[in-house]
Amino acid sequence: MEMKNVLQKIDGYSEEITTLQRELVAIPALSPTYDEKPEHTGEAKKGAFLKTYLERHGFTDITSIEAPDDRVPGGTRPNLIARVRGARSDHTLWVMAHLDIVPPGDLSKWNSDPYALKVDGDVMYGRGVEDNHQGLVAGVMAARALIESKTTPARDLALLFVSDEECGSDYGISYVLEHQNPFKQGDLILVPDGGSPDGSEVEVAEKGIAWLKFKITGTQCHASIPQKGNNALRAGAHLIVALDELQTIFNDEDPIFIPPTSTFEPTKKEANVPNVNTIPGEDIFFLDCRILPSVSIDRVTAEIRKISDRIAAKFNVAVELSFEQRDDAAPATPVDAPVVRRITHSIKEVYGIEAKPIGVGGGTVAAALRRLDLPCVVWSKMDETMHGPNECAKISNIIGDAKVIAHMALSE
Ligand SMILES: [Zn+2]
């Protein structure tokens with residue numbers, strides 16, 4: 001009965017959703033990393049606005065964790081926790097969303113002002129409406145429905161709004177984890193900051209990322225007398241082909257990922273000599289590796305070193321290897337973890353579909369939590385228009401996502 005009341009209440013929140021989105025969109029919250037305008041007070045303004053909003057709507061337990069950053073006018077970046085007490089407080093359902101947005105980009109590609117909400121039927125347009133207001137607003141609406149229907153959830157429902165997600169999280173979740181880690185083993189953690197149009201993908205894992213730079217050094221000379229030099233481009237080309245051996249060496253498969261294997265792709269190639277009749281003495285290219293969590297990046301680079309040494313000896317060149325970027329994979333959230341089972345059940349109850357755990361190519365904020373052994377999922381029903389022009393979110397998706405969150409909070 002309580003469940004039914006709460007879900008029904010959320011069904012009636014269309015107006016509340018557009019009102020809150022309108023207010024959030026009008027407070028551009030850009031990280032000072034994009035440093036250009038005084039808009040960089042935005043995160044603080046957005047945090048302060050939300051605190052007032054939540055107090056006005058009956059939230060009584062709000063904590064803020066301020067991360068010092070002297071690049072912003074107030075000197076700190078906000079992180080906010082709003083908690084609705086449940087029947088048991090040793091066990092919390094977390095909804096973590098971020099306050100910051102990315103710049104709108106080329107304004108001529110927008111059909112409306114990115115900082116003024118436009119509503120067209122079920123669809124809202126504006127910078128941030130999806131990334132990450134969709135998750136933020138869904139969390140707020142789930143909690144408001146509990147408060148307004150005077151319903152005590154089975155466990156605490158806590159909303160965590162963090163700064164700096166788009167620029168590395170040093171002043172956001174990383175700061176929170178380091179200074180005032182609020183998470184306990186056994187908590188259920190949802191990061192509604194990614195998803196699929198039908199809501200069936202529950203992200204539980206990501207691959208590690210290694211971007212490697214290869215610098216091949218031979219000897220430059222005139223192309224008519226190649227015997228006097230060592231062609232770095234030819235050696236580099238042979239090396240690129242030889243690196244395909246990595247696919248065979250590291251052929252483990254994990255079916256939750258698409259594709260299910262580690263991948264090793266040569267990508268960027270730097271210019272070498274400017275003219276056709278010179279044998280290049282130097283050549284530089286890059287390899288983008290996406291590596292399954294079960295494989296260590298050190299093992300991969302050891303194999304790459306071996307292959308490079310072989311080619312270097314054969315062509316009498318030097319091959320220098322360096323990391324352009326390295327992010328070791330966080331341990332995956334087990335597919336049978338309580339948070340995965342609970343959200344899959346709630347998605348089925350609310351949306352009537354079978355959701356499945358999936359892995360992605362790399363780079364979500366959930367990794368910071370998984371590294372601390374905190375199982376968490378990234379999920380939402382969304383079209384993924386984030387970061388583009390005309391970013392949009394559906395009111396019906398926010399209502400549905402809020403119902404999934406409320407369902408998770410209420411289920412025993
Ligand atoms: Zn985001």
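Computed values, structure above
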item: Boolean, residue 176 is within 29 Å of residue 206 (Cα to Cα), assigned to a helix (DSSP H, G or I) and either in the same structural domain as residue 382 (by TED's automatic domain parsing) or more than 16 Å from the ligand (Cβ to nearest atom) (or both); result: yes
item: Residues of segment 243-291 that turn out to be open to solvent by 10 Å² or more (accessible area, probe 1.4 Å) and of a type in the set (A, V, I, L, M, F, W, C), as a count; result: 9
item: Qualifying positions in segment 197-214 - of a type outside the set (A, V, I, L, M, F, W, C) and either at pLDDT 95 or above or away from the ligand (no atom under 16 Å from the Cβ) (or both); result: 197, 198, 199, 200, 201, 203, 207, 208, 213
item: Residue 382, sole failed condition from (1) within 16 Å of the ligand (Cβ to nearest atom); (2) open to solvent by 40 Å² or more (accessible area, probe 1.4 Å); (3) within 30 Å of residue 112 (Cβ to Cβ); result: (2)
item: Residue within segment 266-288 that is within 20 Å of the chain's Cα centre (by Cα) and more than 30 Å from residue 226 (Cβ to Cβ) present; result: yes
item: Failed item, numbered, when residue 358 is tested on (1) surrounded by 14 or more Cβ atoms within 10 Å (Cβ to Cβ); (2) at positive phi; result: (2)
item: Counted residues, segment 112-170 - those being within 30 Å of residue 410 (Cα to Cα) and among the aromatic types (Phe, Trp, Tyr); result: 1
item: Selection within segment 216-260 - part of a strand (DSSP E or B) and either at positive phi or not hydrophobic (A, V, I, L, M, F, W, C) (or both); result: 217, 219, 222, 230
item: Test for residue 199: is it of a type outside the set (A, V, I, L, M) and within 18 Å of the chain's Cα centre (by Cα); result: yes
item: Any chance residue 313 is buried (at least 19 other Cβ atoms within 10 Å of the Cβ) and more than 15 Å from the ligand (Cβ to nearest atom); result: no
item: Qualifying residues in segment 63-116 (those that are of a type in the set (Val, Ile, Thr) and open to solvent by 40 Å² or more (accessible area, probe 1.4 Å)) - the one farthest from residue 346 (Cα to Cα); result: 76
item: Among (1) surrounded by fewer than 17 Cβ atoms within 10 Å (Cβ to Cβ); (2) within 18 Å of residue 96 (Cβ to Cβ); (3) away from the ligand (no atom under 16 Å from the Cβ), the one test that residue 339 misses; result: (1)
item: Qualifying positions in segment 203-243 - of a type in the set (Ser, Thr, Tyr) and within 23 Å of residue 296 (Cβ to Cβ); result: none
item: Extreme residue, most open to solvent (accessible area, probe 1.4 Å), among residues of segment 361-378 that are within 14 Å of the ligand (Cβ to nearest atom) and farther than 19 Å from residue 128 by Cβ; result: 363
item: Within segment 113-165, considering residues that are of a type in the set (Phe, Trp, Tyr) and part of a strand (DSSP E or B), the one nearest to the ligand (Cβ to nearest atom); result: 161
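The values are calculated or read from the model by the stated rules, or taken from the named source; none is laboratory data. Everything numeric here is computed off the predicted structure, so don't read it as measured data. Because the Cβ atoms are built from the backbone with ideal geometry, glycine has one as well, and the counts that use them run over all protein chains shown. Only protein heavy atoms, including side chains, enter the accessible area calculation; ligands, DNA and RNA are left aside. Shrake-Rupley method; radii C 1.70, N 1.55, O 1.52, S 1.80 Å.
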